[in-house]
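Student: Below is one structure. I have some questions about it.
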Amino acid sequence: MKYRISLAVATLIAANAAYAQDNVLHVYNWSDYIAEDTLEKFTDATGIEVTYDVYDSNEVLEAKMLAGHSGYDVVVPTSDFMQRQIAAGVYMPLDKSKLPNLANMDPALMANAARYDPDNEHAVIYMWGTTGIGYNVGAVAERLGEDYEVDSWSLVFDPEVVSKLADCGVSMLDAPSEMIPAAMNYLGLDPVSTDPDDLKAGAELLESVRPYIRYFHSSQYISDLANGDTCVAVGWSGDVFQAQARADEAENGVEIAYIIPKEGALQWFDMMAIPADAPNPDAAHAFINFVMDAQITADITNYVWYANGNAASMPLVDEEITSDPGIFPSEEAKANLWAAKVNDARTDRLITRLWTAVKTGQ
Ligand code: N2P
């Protein structure tokens, strides 16, 4: 009798272990990019446990995807990087029969994303935003004067201006494919040009302001801006708004603002995709479908302050967010936004080389 009970128990444990294994989803997403309760709600709804890791760089994600066997089921590349990764066979086609919430997505935005992934075969929009400038209103006014209008990339690219801000801390994204084009655009060059001379000119501009930059990093600036440890950051729209929200909450007297500079800015789309070798593609589809629920996506936008591609979620997004031109740019600002193009390998190598020189100052 004793034996039979323990056998039953052993069988149960084994079955449970197998079930637990099947019911784990591995997500790899950008840092500061999800609501506090999204994963818990997903587990409650599906019984699938989630392991969640974060990154703050497309290059880091790309290296993992190209190496393969990442163990992830859902990842979130930016669309231009994704296009190259799709070409390398990194992602599986989505099974749209498992994604009924696709009906919630904004057709115009999905058509935009389809420029990188025809028919949206491999990915759906997670969030989108711009790469602009976050700044501490008081600290900047103190150094440049109350009347100085912060509306231009000159804040970080004009040595005369940025040198006056160096003491309060200026940071830039460690994102070569975004920073060099921003510099090119400021110089009046086409930001998506792949002409090596244009790229070099952008890098030279960055090198000229390098002495005034405290650091290059793509996630640390949120808390630094919020705490008043830095005063200017080239950063991603929602991250700057998160810094603003944190400062407001802390009531520390720090006022953070975000601008899309008048010369224009990069507009990017981050996409949910499933690696071709994902261990649990069923759970991955379940997760992507869950995120496309109108309320779930609205909850994420309301927490991370990024625009999404989900039309059905819009009525559920806080008015404070939908009415903010830093998050949903005006028609005028939209005309100046540019979209990244996928780079060929040669251009990519040049950008990497130039960026190393910018960062190390040699
Ligand atoms: C979230 C940053 C996501 C924007 N912290 C980069 N595409």
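Student: Going down the list Lys96/Lys334; Lys41/Lys262; Lys262/Lys359; Lys64/Lys359; Lys64/Lys334, which pairs span over 29 Å between their C-alpha atoms?
Tutor: Pairs exceeding the cut-off: Lys96/Lys334; Lys41/Lys262; Lys64/Lys334.
Student: What does DSSP give for the chain in terms of the percent of beta bridges that are antiparallel, rounded to the nearest 5?
Tutor: Counting DSSP beta bridges with both partners in the chain, the antiparallel share is about 60 percent.
Student: Once the Cα atoms of helix 176-186 and of the chain are each reduced to a long axis, what angle between those two axes, in degrees from 0 to 90 to the nearest 10, is obtained?
Tutor: Compared with the principal axis, the helix lies near 30 degrees.
Student: I want to check the label-to-label distance for Asn302 and Thr356. Put each point 7 Å from Cα in the C-beta direction and report it in nm to one decimal.
Tutor: The answer from the label model is 4.7 nm.
Student: Right, here's the next one. With the Cα gyration tensor of segment 43-119 giving a ≥ b ≥ c as the square roots of its eigenvalues, does the rule (a/c under 1.5 for rounded; else a/b larger than b/c for prolate; else oblate) give rounded, prolate or oblate?
Tutor: oblate
Student: Moving on. So between Ala108 and Ala339, what do we pick up on full extension, going 0.36 nm a residue minus the alpha carbon distance?
Tutor: My answer for the length gained is 81.7 nm.
Student: Also: What's the angle, to the nearest 10 degrees (0 to 90), between helix 196-209's Cα axis and the longest principal axis of the chain?
Tutor: Roughly 70 degrees between the two axes.
Student: Quick one: helix 345-360 against the long Cα principal axis of the chain, what's the angle to the nearest 10°, folded into 0 to 90?
Tutor: With both axes taken from Cα atoms, the answer is about 60 degrees.
Student: Still on this structure, I have one more. From the phi of every residue in segment 261-277, what ³J(HN,Hα) in whole Hz does the Karplus formula 6.51 cos²θ - 1.76 cosθ + 1.60 yield, where θ is phi - 60° and glycine or proline is x?
Tutor: Here the 3J(HN,Hα) series is x, 5, 6, x, 7, 6, 9, 10, 10, 9, 10, 8, 9, 10, x, 4, 9 Hz.
Student: Once you order the gyration tensor axes a ≥ b ≥ c over the Cα atoms, which shape class does the chain get: rounded for a/c under 1.5, otherwise prolate or oblate by comparing a/b with b/c?
Tutor: prolate
Student: Could you order Thr43, Thr360, Thr301, Thr51 by accessible surface area, starting with the largest, using a probe radius of 1.4 Å?
Tutor: Most to least solvent-accessible, the answer reads Thr360, Thr51, Thr43, Thr301.
Student: What are the ³J(HN,Hα) couplings of segment 47-54, residue after residue, when phi is run through the Karplus curve with 6.51, -1.76, 1.60 and θ = phi - 60°? Round to Hz, x for glycine and proline.
Tutor: x, 8, 6, 10, 9, 10, 10, 10
Student: Of Glu121, Glu249, Glu263, Glu320, which has the most accessible area and how do the rest follow, probe 1.4 Å?
Tutor: Glu249, Glu320, Glu121, Glu263
Student: Based on DSSP H runs of at least 4 residues, each adding -39500 (n - 2.57), what is the mean residue ellipticity at 222 nm of the chain after dividing by all its residues, to the nearest 500 deg cm²/dmol?
Tutor: Per the formula, -13000 deg cm²/dmol.
Student: Among rounded, prolate and oblate, which fits segment 107-168 when a ≥ b ≥ c are the square roots of the eigenvalues of its C-alpha gyration tensor, a/c under 1.5 means rounded, and a/b larger than b/c means prolate?
Tutor: It is prolate, given that a/c is not under 1.5 and a/b is the larger ratio.
The values are calculated or read from the model by the stated rules, or taken from the named source; none is laboratory data. No experiment lies behind these values; they were computed from the predicted model shown. No Cβ is skipped: glycine too gets one built from the backbone with ideal geometry, and neighbour counts run over all protein chains shown. Accessible surface is based on the protein model in full, side chains and every heavy atom, while ligands, DNA and RNA are left aside. Shrake-Rupley method; radii C 1.70, N 1.55, O 1.52, S 1.80 Å.
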